[in-house]
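Engineer: First, the structure itself, so that you have it in front of you.
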């Protein structure tokens, strides 16, 4: 399911990493990376996987390593409780508790927690080459103004 969601999101979603040198800082680490996402979201995880693949970073979803085969290299901080998910569970995530237990059992093991946040928004408006109102605004060709442009959200028809 995650693979299919990643493929669909790759068609529409573009990501930007802030700070820009974050990938370079994380790439040379000797410890296992564990990504920490704020809330459970399949779309956020898919975008994080896409970004890690593009930046050549260890992908979330792999086994964490360090003697812990059942732990994955990501976890969510908050969990929803209740029938409809109307409450947040404030207890520490089970994976974090297991990581702490693994560190206590083997002091040589080490994990690096990487906070990862996915913020969704719209891209800035672009001028479309075939759009009459976009070329009218840039002064390239004369156009007749009418009602709402469906491409660039102005009040001209394309």
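Engineer: Tell me whether the stretch 40-100 comes out rounded, prolate or oblate; compute the Cα gyration tensor, take square roots of the eigenvalues as a ≥ b ≥ c, and use a/c under 1.5 as the rounded threshold.
Structural biologist: On the way: a/c = 3.24, a/b = 1.34, b/c = 2.41.
Since a/c reaches 1.5 but b/c is at least a/b, the shape of the stretch 40-100 is classed as oblate.
Engineer: Using a basic spin-label model with each label point 7 Å from the Cα along Cα→Cβ, how many nm lie between residue 110 and residue 20?
Structural biologist: Roughly 3.0 nm, to one decimal.
Engineer: In addition: How large is the convex hull of the C-alpha atoms of the stretch 2-116 per residue, in Å³? Mind dumping the intermediate values first?
Structural biologist: Numbers: hull volume 14.5 nm³, N = 115.
Dividing the Cα hull volume of the stretch 2-116 by its residue count gives 126 Å³.
Engineer: For residue 39 and residue 8, FRET efficiency with R0 = 25 Å and r from the beta-carbon atoms, rounded to 0.05?
Structural biologist: 0.75
Engineer: What is the distance in Å between the Cα centres of the stretch 62-124 and the stretch 5-35?
Structural biologist: 17 Å
Engineer: Residue 69 versus residue 84, label points 7 Å from Cα toward the beta carbon: distance in nm?
Structural biologist: Computed distance between label sites residue 69 and residue 84 equals 4.3 nm.
Engineer: For an R0 of 30 angstrom, estimate the FRET efficiency from the Cβ-Cβ distance between residue 100 and residue 27 and round to the nearest 0.05.
Structural biologist: After rounding, the FRET efficiency stands at 0.70.
Quick note: the coordinates plus some simple rules give every number you see, no bench work behind them. The structure displayed is predicted, hence computed values, not measured ones. Here Cβ is always computed from backbone atoms with ideal geometry, including for glycine, and neighbour counts include all displayed protein chains.
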